[in-house]
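In what follows, a structure is listed as structure tokens, so that the remarks can point back to it.
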Amino acid sequence: MRTAMETQPQQAAELPTSPCSVVWSRGHAYVLEGFRARWVGRDDRGRPCSLTGAEMERRGWTLTKSA
């Protein structure tokens, strides 16, 4: 029998810090801009948006796209 911890996707402890790293949040991909330390992607309406590392932590993120 699996526990709740085993069925949840595992998230890395810290956001990646390498430029051009990709993470997923709320179904959208975000790429780390190296020179600005901002995560850039698109919102639900397709508009460009940028987030700080703290904002990305609050939203939740994974290294793989969730189903």
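The values are calculated or read from the model by the stated rules, or taken from the named source; none is laboratory data. Not measured: the values here are computed from a predicted model. Using ideal geometry, Cβ is built from the backbone for each residue, glycine included, and neighbour counts are taken over all protein chains shown.
Looking only at residues of region 27-61 that are in contact with a Cys (Cβ under 8 Å, 6 or more places away or on another chain) and in a strand (DSSP E or B), we find that the one that is nearest to Leu15 (Cα to Cα) is Leu32.
Against the list (1) out of contact with any Phe, Trp or Tyr (no Cβ under 6 Å at 6 or more places or on another chain); (2) among the small types (Gly, Ala, Ser); (3) modelled with pLDDT of 95 or more, the condition Gly41 fails is (1). Of the numbered criteria (1) at pLDDT below 95; (2) in contact with an Asp or Glu (Cβ under 9 Å, 6 or more places away or on another chain); (3) not hydroxyl-bearing (Ser, Thr, Tyr), the one Arg2 fails is (2).
Out of Thr64, Thr17, one residue alone is part of a loop (DSSP other than H, G, I, E, B), modelled with pLDDT of 90 or more and surrounded by 10 or more Cβ atoms within 10 Å (Cβ to Cβ). It is Thr64.
Residues in region 23-50 that are surrounded by 14 or more Cβ atoms within 10 Å (Cβ to Cβ), touching a residue at least 24 places away in the same chain (Cβ under 8 Å) and not aromatic (Phe, Trp, Tyr): Val23, Ser25.
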